[in-house]
Amino acid sequence: MVKAEDAVIARLVKAGSHFEVLVDPAVVPEIKAGKDLDLRERLAQDHIYKDAKKGDKVSDEFLKKQFNTTDVFVIAREIIQHGEVQITTDQKRAMVEQKRRQVVDFIARNAINPQTGAPHPPGRISAALEEAKFHVDPFRDVEALSNDALDKLRPLIPIRMEHVKVRIKVEAAQYPRIISDLKAAGKILEEEWGSDGSWSGIVDIPGGVQSELQEKLKNKTHGQAEVTFVEGLGH
């Protein structure tokens, strides 16, 4: 479970009554986006409160009347998804900074400079977001925030979200060394084993990981991996 001091209060007012839970702030954006996450390890306490700070709990009878269930995790999901989240200034500052880093990492991984075909360094993206005075909502989904951030970045730096298809061929003995990297980098679209025992495949990867993946393949195959860029899938 999340520690109480690290949790935030989610509050829902229903039929004039307050219902509160102490929840890990990291899961709030995903719950609000409708994702079905297990809250069993995400609540500080398995209780629904009238006032979490005072420790005043809601009775099972009243929960049943208002929510048609006494299941704490079902009720907590409704409170988080439809209620308001109470956070301190320090909590908000930390959450905004963490979400900003996630947005920068997402853009660095998925976008390129269309003038060079290379990814933008995270530092350049971060500086451009500062220049654009981009507002980070700590409770919004990273991908949705990143799309808004791109709109702010385009007037300042040449940038485009892009996926590329890469054809890779390695000897049989090298396959176990690189397959986990390929799966982590993107999606394997096609693969086959040659009559000589070699493995080849086409992998769809975010544009921003091209250089990183090439370097890993080079190191793990001692430069013997054959890498060919098939086509860009820019959007």
Checklist entry - When both residues are 6+ apart or on different chains and their Cβ atoms are under 7 Å apart, which pairs have a first residue that lies in segment 39-51 and is closer than 12 Å to Arg77 by Cα, and a second that is assigned to a loop (DSSP other than H, G, I, E, B) and at pLDDT 95 or above? => result Ile48/Val58
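Could you tell me whether segment 12-22 includes any residue that is farther than 30 Å from Leu153 by Cβ and acidic (Asp, Glu)? Let's see the steps before the verdict.
Our first condition is that a residue be farther than 30 Å from Leu153 by Cβ; within segment 12-22, this holds for 12-22.
Still in the list and also acidic (Asp, Glu): 20.
Looking through segment 12-22, at least one residue is farther than 30 Å from Leu153 by Cβ and acidic (Asp, Glu).
Within segment 2-17, work out how many residues are free of Cβ contacts under 8 Å to residues at least 40 places away in the same chain and surrounded by fewer than 17 Cβ atoms within 10 Å (Cβ to Cβ). Reasoning before the result, please.
Within segment 2-17, the first condition is being free of Cβ contacts under 8 Å to residues at least 40 places away in the same chain, and the residues that meet it are 5-7, 16.
Next, only the ones that are surrounded by fewer than 17 Cβ atoms within 10 Å (Cβ to Cβ) stay: 5-6, 16.
Adding up the residues that qualify gives 3.
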Next on the checklist: Condition first: of a type in the set (A, V, I, L, M) and out of contact with any strand residue (DSSP E or B) (no Cβ under 8 Å at 6 or more places or on another chain). Can you find one or more residues in segment 108-122 that meet it?
Outcome noted: yes
Item to check | Tally of residues being over 28 Å from the mean Cα position of the chain (by Cα) and in contact (Cβ under 8 Å) with a residue 60 or more places away in the chain across segment 186-235 | outcome: 2
Item to check | Residues of segment 68-101 satisfying the condition of being over 23 Å from Ala149 (Cα atoms), in contact with a strand residue (DSSP E or B) (Cβ under 8 Å, 6 or more places away or on another chain) and part of a helix (DSSP H, G or I) | outcome: Val72, Phe73, Ile75, Ala76, Glu78, Ile79, Ile80, His82
Checklist outcome for this item: Going through (1) touching a residue at least 24 places away in the same chain (Cβ under 8 Å); (2) out of contact with any helix residue (DSSP H, G or I) (no Cβ under 6 Å at 6 or more places or on another chain); (3) outside any loop (DSSP other than H, G, I, E, B) one by one, Lys64 fails only at (1)
Next on the checklist: Just the residues that are touching a helix residue (DSSP H, G or I) at 6+ places or on another chain (Cβ under 9 Å) and closer than 14 Å to Val164 by Cα, please, taken from segment 114-125.
Outcome noted: Gly117, Ala118, Pro119
Checklist entry - Would it be correct to say that Val104 is buried (at least 18 other Cβ atoms within 10 Å of the Cβ) and assigned to a loop (DSSP other than H, G, I, E, B)? => result no
Item to check | The lone exception for Ala128 - which of (1) hydrophobic (A, V, I, L, M, F, W, C); (2) within 24 Å of Ala33 (Cα to Cα); (3) crowded, with 16+ Cβ neighbours inside 10 Å it fails | outcome: (2)
Checklist outcome for this item: Leu153 meets each of (1) aliphatic (A, V, I, L, M); (2) closer than 29 Å to Glu97 by Cα; (3) without any contact (Cβ under 8 Å) to a residue 40 or more places away in the chain with one exception, condition (3)
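The values are calculated or read from the model by the stated rules, or taken from the named source; none is laboratory data. The structure displayed is predicted, hence computed values, not measured ones. Methodologically, a virtual Cβ is constructed for each residue, glycine included, from the backbone with ideal geometry; neighbour enumeration extends over all protein chains shown.
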